[in-house]
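A short worksheet on the structure shown next.
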Amino acid sequence: MAKKTSYNQQLREKLSGLIEKTDLPPLKKDFMETRWLDQVLWLEERATKAQRRYYFLRLLTIIGGVMVSTLVAFQSPNSRIQDIVGWIAFGLSTVVAISAAKFFAHGKKSFLFRNTAEKMKIEGWQFLRLTGFYRQFESYNDAYSIFAYRVEQLLHKDMQDFVARFEAKEKERQKKTEETVAQNVKLALGYLNENNSYSQYLRKHLSDLINQTDLSPPKKDCLKTQWLDQVLWLEERATKAQKRYDFLRLLTIIGGAIVPALVAFKNSNSQIQDIVGWIAFGLSQAVVISAAIEQFFAHGIKSLLFRNIAEKMKIEGRQFLRLTGFYRQFESYNDAYSIFAYRVEQLLHKDMQDFVAWFEAKEQESRKKTEETAAQNAELVLSYLNDQMEYRYQDKLRQLEQEKRRWQDDKEL
């Protein structure tokens, strides 16, 4: 039985065939496949994966939420069965809380990826048919530079929109995290595998494009060291920062979901109760520390900054290598090279100034928050110690009262 062809495979075959039928030279066809077609297929794949993950987590939350309420209401005269059901309810409630956390925002990501993919496909279809905006051109060669420019502008605009949404979401998330961490502290006190496949592909692909230009060997070497190495370094830093941010945020979210369940857990065995209490205490400390580390190192913001600069550098480089956008006024790479080198340096200089300004503002804000947090934590610890001493005193008093009554009963007998 023949294997069913996926939608992405069908789309690649169809669009690759249309690109081959154009009268574009091989270099421009290669640009279309690597920059436009590969980008469309990547967006389609990401949108599909995000949608599937969103459906899975939503179903898990809904079904698990219904089952937890049933398990909590369950009563049995057999204490062993009751304890087992209690543990199952505890585990399932933790899974539901984790799956309901909106850290990865798969639903919104699916919408954003799908929206960008459809815009890219519409732009490509209009170009390949010379319709819409491109009906004013008589050939694909005449329309190509404008198409390449419009694709880059489309990607750049969507990147800016994503950055704006991320910054707004990050502010809201930080506020909620601070509130959640404070609540968990009060309650409880009572990968990184490196994957360089994309970087290797990017280095090989862009190096081949640089080698195909008519630049002299020294200028090609400068282009690789000044622009390409910088792009790859930024990509690597953005990926590392994103992985660290994801790890710390997941630890905060998962720990924050488990701590309330541990605090609410009750068991007739005092030894088990004490062990669960200490686990809740230790986990709450891990949550507080991971949230503090993420806020101090700001891995999420760093990832966003590095990714933003890398995308700007790639857009600038691709426009130069295609002689499109700002560089369409030049007839050869040699004519455009000096302007390109100047614009790259200006781009890096401006982003460095923005980073320094952001860091200084972040440092002042962090210093103020650290002082406030230290005072709050000291107050919470003192309150916890007082509560524990009071609890132990009351427990000891109850034991003495029980011993006294038992002694009096024995004496009367």
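Condition check: within 20 Å of LEU321 (Cα to Cα) and either surrounded by 14 or more Cβ atoms within 10 Å (Cβ to Cβ) or modelled with pLDDT under 85 (or both). Does GLU172 satisfy that? Steps first, answer last, please.
Values: within 20 Å of LEU321 (Cα to Cα): no; either surrounded by 14 or more Cβ atoms within 10 Å (Cβ to Cβ) or modelled with pLDDT under 85 (or both): yes.
Criteria not met by GLU172.
Does GLU316 satisfy being modelled with pLDDT under 80 and assigned to a helix (DSSP H, G or I)?
No: the conditions fail for GLU316.
Inspect the range 213-222 for any residue being within 30 Å of ILE315 (Cβ to Cβ), modelled with pLDDT of 85 or more and among the hydrophobic types (A, V, I, L, M, F, W, C) and give the result as yes or no.
There is at least one residue in the range 213-222 that is within 30 Å of ILE315 (Cβ to Cβ), modelled with pLDDT of 85 or more and among the hydrophobic types (A, V, I, L, M, F, W, C).
Is it the case, given these coordinates, that GLN346 is over 30 Å from THR213 (Cα atoms), polar (S, T, N, Q) and part of a helix (DSSP H, G or I)?
Working: over 30 Å from THR213 (Cα atoms): no; polar (S, T, N, Q): yes; part of a helix (DSSP H, G or I): yes.
No.
Which one of these does HIS349 not meet: (1) touching a Phe, Trp or Tyr at 6+ places or on another chain (Cβ under 9 Å); (2) surrounded by fewer than 19 Cβ atoms within 10 Å (Cβ to Cβ)?
Every listed condition holds for HIS349 apart from (1).
Failed condition for HIS205, given (1) at pLDDT 75 or above; (2) outside any helix (DSSP H, G or I), with all others met?
Evaluating HIS205 over (1) at pLDDT 75 or above; (2) outside any helix (DSSP H, G or I) leaves (2) as the failure.
A quick yes/no check of all residues on (1) more than 24 Å from ASP83 (Cα to Cα); (2) in contact with a Pro (Cβ under 6 Å, 6 or more places away or on another chain); (3) crowded, with 19+ Cβ neighbours inside 10 Å:
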| site | (1), (2), (3) |
| --- | --- |
| GLN242 | yes, no, no |
| ASP274 | no, no, no |
| ALA280 | no, no, yes |
| HIS299 | yes, no, yes |
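The values are calculated or read from the model by the stated rules, or taken from the named source; none is laboratory data. Since the model is a prediction, treat every value here as computed from it, not as a measurement. Because the Cβ atoms are built from the backbone with ideal geometry, glycine has one as well, and the counts that use them run over all protein chains shown.
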